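Structure record follows, encoded as structure tokens.
The values are calculated or read from the model by the stated rules, or taken from the named source; none is laboratory data. Note that this is a predicted model, so its numbers are computed, not measured. Backbone-built Cβ (ideal geometry, glycine too); neighbour counts: all protein chains shown. Areas reflect the complete protein model, heavy atoms only, side chains present, ligands, DNA and RNA absent. Shrake-Rupley method; radii C 1.70, N 1.55, O 1.52, S 1.80 Å.
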Amino acid sequence: MSGDAESSLVTATALRARFARGLSELYGREVPAYTTLVEVSEEVNADVVARSDDAERFGTIERVTAERHGAIRLGTPEELAQVARIFGACGMYPVGFYDLREATVAIPVVSTAFRPIDRAELAANPFRVFTSLLVVDDRRFFDAPLEAELREFLQARTLFGDELLALADRAEADGGLAAPDADRFLELATAAFALSPEPVERDWYARLEAISSVAADIGGVAGTHINHLTPRVLDIDDLYARMTERGIEMIDRIQGPPRTDKPDVLLRQTSFRALAEPRTFRDADGSLSSGDLRVRFGEVEARGVALTPRGRELYDAHGIEAFPDTDEELASQDLAYYVRDDDGRLSPIVYEDFLPKSAAGIFASNLTSDGSLDASQQGSARDAAWLQGVLGRALHDPYALYDAERAEM
Ligand code: OOG
Ligand code: NI
């Protein structure tokens, strides 16, 4: 390819930034309370920047202002492999394996997060999508006849069309797309995550919902959709207070480490309750009627320094109280990841991933029913190797990425 053609390509980095913006506009139209959340987040961030000298220690304000994570939920391995190609076009690769079936309130999914994996790309735009896959053969949730029905329903739908996938593959092979193709790719990719206007089969949805509302949200509807889109905030306690002041009902707590005077670690998240969204239902006699579903909500997060395996072990066993008070100690005790900047000061490596406990808490806080689970049955085996096979591409280990980043500097 000639230099000119190459330089006129819309790069993966640009596609990712535009994709995040496109989804943000879509979600803002669909869930107006999200727009309020973004506005309040921007107010909080501006105030933190105005009052604090080291507001940008976990990333530039430009990065943080544009930063979002999305959550989507899929039904089949094929759908997951396809979405990996779409995200791959945007320079987002699968990182980490999360088994939410092991949570206190078990959710019948396994998950990964698609995100950029190198420092420059994260700095340019860190858009990430927590992506969950329903485990249809987990007998604790679905008996054999229901599994068969689920499979049939899921096989019959197409989430990502051929044109979209062909553009995604071309983008990934060439490192970008020519401008008109980029526009078309982004139009199709964004539309694939819009709420489907297809009527929801009322009885089918209700049967799944009795088992798990997440199962119903995946296997009970014709399309996938953004479940939530999460802005990043520099002071989540302040955000929580301001949202509550505005009369928005938040979940009862902030998930993750409590606030302390120590360096911020990992990830803190909170959300507002899912809102009723009008949907069309099809009843058993074929007639259409309107109703609503509560599955989509607003979440916000604050990010701190990434912990090493040793730091994570300490955190899981003893909580944040067991941590030392300074960056120097966190670094010298190999509890958290840092690099040294040109002046020899420690600069934290931001935690770019998710916390299974918080993820389960976020899922659980928005479940409409407790669901039901047959604990006498065996869960089906799923692990990172299985997921990597489904994805057909490397599933990155988050610690390996943080280690490499630390070693590079
Ligand atoms: C994903 C829940 C996990 C997070 O921020 O931990 C998540 C979902 O609700 O589909 O997004
Ligand atoms: Ni989330």
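Summary of computed values
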read-out	value
Selection from region 258-296 of residues that are open to solvent by less than 20 Å² (accessible area, probe 1.4 Å), within 14 Å of ligand 1 (Cβ to nearest atom), in contact with a helix residue (DSSP H, G or I) (Cβ under 8 Å, 6 or more places away or on another chain) and outside any strand (DSSP E or B)	266, 295, 296
Among the candidates 253, 170, 207, residue that is within 16 Å of ligand 2 (Cβ to nearest atom), charged (D, E, K, R), in contact with a helix residue (DSSP H, G or I) (Cβ under 9 Å, 6 or more places away or on another chain) and open to solvent by 10 Å² or more (accessible area, probe 1.4 Å)	253
Subset of region 210-242 that is closer than 27 Å to residue 54 by Cβ and away from ligand 2 (no atom under 16 Å from the Cβ) - its residue that is surrounded by the fewest Cβ atoms within 10 Å (Cβ to Cβ)	241
Residue count, region 105-149 (criterion: within 16 Å of ligand 1 (Cβ to nearest atom), within 21 Å of residue 89 (Cβ to Cβ) and in a loop (DSSP other than H, G, I, E, B))	2
Identity of the residue in region 186-212, of a type outside the set (Val, Ile, Thr) and in contact with a strand residue (DSSP E or B) (Cβ under 6 Å, 6 or more places away or on another chain), that ends up nearest to residue 150 (Cα to Cα)	201
Per-region count, region 376-407, residues buried (at least 18 other Cβ atoms within 10 Å of the Cβ), in contact with a helix residue (DSSP H, G or I) (Cβ under 7 Å, 6 or more places away or on another chain) and part of a helix (DSSP H, G or I)	3
Qualifying residue in region 181-192 (condition: of a type in the set (Val, Ile, Thr) and open to solvent by 50 Å² or more (accessible area, probe 1.4 Å))	no
Filter result for the condition that a residue is free of Cβ contacts under 8 Å to residues at least 12 places away in the same chain and either touching a helix residue (DSSP H, G or I) at 6+ places or on another chain (Cβ under 9 Å) or closer than 21 Å to residue 108 by Cα (or both), over 163, 147	147
Residue ID - surrounded by the fewest Cβ atoms within 10 Å (Cβ to Cβ), chosen from residues in region 102-128 that are modelled with pLDDT of 95 or more and of a type in the set (D, E, K, R)	121
Some residue of region 344-359 being open to solvent by 20 Å² or more (accessible area, probe 1.4 Å) and within 16 Å of ligand 2 (Cβ to nearest atom)	yes
Where residue 334 falls short, out of the listed (1) out of contact with any helix residue (DSSP H, G or I) (no Cβ under 9 Å at 6 or more places or on another chain); (2) more than 29 Å from residue 209 (Cβ to Cβ); (3) of a type outside the set (Ser, Thr, Tyr)	(1)
Residue match in region 329-339 (condition: away from ligand 1 (no atom under 16 Å from the Cβ), modelled with pLDDT of 95 or more, surrounded by 14 or more Cβ atoms within 10 Å (Cβ to Cβ) and hydroxyl-bearing (Ser, Thr, Tyr))	yes
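For (1) open to solvent by 10 Å² or more (accessible area, probe 1.4 Å); (2) away from ligand 2 (no atom under 16 Å from the Cβ), each residue gets a yes or a no:
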site	(1), (2)
298	no, no
320	no, yes
364	yes, no
374	yes, yes
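This table checks each residue for (1) modelled with pLDDT of 95 or more; (2) surrounded by 14 or more Cβ atoms within 10 Å (Cβ to Cβ); (3) of a type outside the set (S, T, N, Q).
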| residue | (1), (2), (3) |
| --- | --- |
| 20 | yes, yes, yes |
| 27 | yes, yes, yes |
| 32 | no, no, yes |
| 35 | no, yes, no |
| 44 | yes, yes, yes |
| 47 | yes, yes, yes |
| 54 | no, no, yes |
| 57 | no, yes, yes |
| 60 | no, no, no |
